[in-house]
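> Structure provided below as structure tokens; questions to follow.
The values are calculated or read from the model by the stated rules, or taken from the named source; none is laboratory data. No experiment lies behind these values; they were computed from the predicted model shown. Note: ideal-geometry Cβ built from the backbone for every residue, glycine included; neighbour counts use all protein chains shown.
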Amino acid sequence: MDIKALEPGFSICHAIQISDVSRIKALGFKSVICNRVPGEADDYQHDSSLRQAIEAEGLLWKEIPVVPGEYTEEAIEAFGHAIEELPTPILAFCRTGRRAVSLWVHNQVKLQDCDLGALLNAAHAAGHDLQDSRPALEKRMANKA
């Protein structure tokens, strides 16, 4: 499990397994956001056993399934609400971490005036190059003004 902090109280990682749950708890996470789509891969047919393991450790579970590359307003809105409402620290994950970091960047752009370059650098430092998303993010920033 390769966890990358994007800001205080919020981190991302690639796919987690039931065997990772006790370590997630030991690292102090209080909430987990899953961005995987049930059935997207052989290792993720549904969330029930993973969700149950997370909840058995006393952590909160939120599922916001996102198809890779399809960052809808609804998904971004749900992700933003989850970050606001869930106890921190929060760990968000998908298969590789890209959807989780992309949703975080889209939400940051939506919430505030921000330095897009700094957000993209944070994503890159977490192992995800989101330069191909720059036009969509710039458009989001322009529409906010």
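> Being over 13 Å from the mean Cα position of the chain (by Cα) and modelled with pLDDT of 95 or more: is that true of residue 39 here?
Criteria not met by residue 39.
> Filter the helices (runs of 4 or more DSSP H) completely within segment 41-145 down to those with at least 3 residues that are touching a residue at least 24 places away in the same chain (Cβ under 8 Å) and either closer than 17 Å to residue 13 by Cα or not hydrophobic (A, V, I, L, M, F, W, C) (or both).
Where helices (runs of 4 or more DSSP H) fall fully within segment 41-145 and carry at least 3 residues being touching a residue at least 24 places away in the same chain (Cβ under 8 Å) and either closer than 17 Å to residue 13 by Cα or not hydrophobic (A, V, I, L, M, F, W, C) (or both), they are 48-56, 73-85, 98-111, 116-125.
> Out of (1) touching a Lys or Arg at 6+ places or on another chain (Cβ under 7 Å); (2) more than 21 Å from residue 31 (Cβ to Cβ), what's the single condition that is false for residue 89?
(2)
> Conditions first: (1) under 12 Å from residue 33 (Cα atoms); (2) touching a helix residue (DSSP H, G or I) at 6+ places or on another chain (Cβ under 8 Å). Residue 130 passes all but one, so which condition is the exception?
Tallying (1) under 12 Å from residue 33 (Cα atoms); (2) touching a helix residue (DSSP H, G or I) at 6+ places or on another chain (Cβ under 8 Å), residue 130 fails exactly one: (1).
> Which condition number does residue 128 fail, the rest of (1) out of contact with any strand residue (DSSP E or B) (no Cβ under 6 Å at 6 or more places or on another chain); (2) surrounded by 12 or more Cβ atoms within 10 Å (Cβ to Cβ); (3) within 21 Å of residue 17 (Cβ to Cβ); (4) modelled with pLDDT of 85 or more being met?
Among (1) out of contact with any strand residue (DSSP E or B) (no Cβ under 6 Å at 6 or more places or on another chain); (2) surrounded by 12 or more Cβ atoms within 10 Å (Cβ to Cβ); (3) within 21 Å of residue 17 (Cβ to Cβ); (4) modelled with pLDDT of 85 or more, residue 128 violates only (4).
> When segment 58-76 is examined, which residues are found to be surrounded by 14 or more Cβ atoms within 10 Å (Cβ to Cβ) and either within 10 Å of the chain's Cα centre (by Cα) or not basic (Lys, Arg) (or both)?
Answer for segment 58-76, where residues must be surrounded by 14 or more Cβ atoms within 10 Å (Cβ to Cβ) and either within 10 Å of the chain's Cα centre (by Cα) or not basic (Lys, Arg) (or both): 59, 60, 61, 63, 64, 65, 66, 68, 71, 75, 76.
> Next question, about the same structure. Checking the structure you have, find out if any residue of segment 29-42 is small (Gly, Ala, Ser), farther than 22 Å from residue 111 by Cβ and surrounded by fewer than 16 Cβ atoms within 10 Å (Cβ to Cβ).
yes
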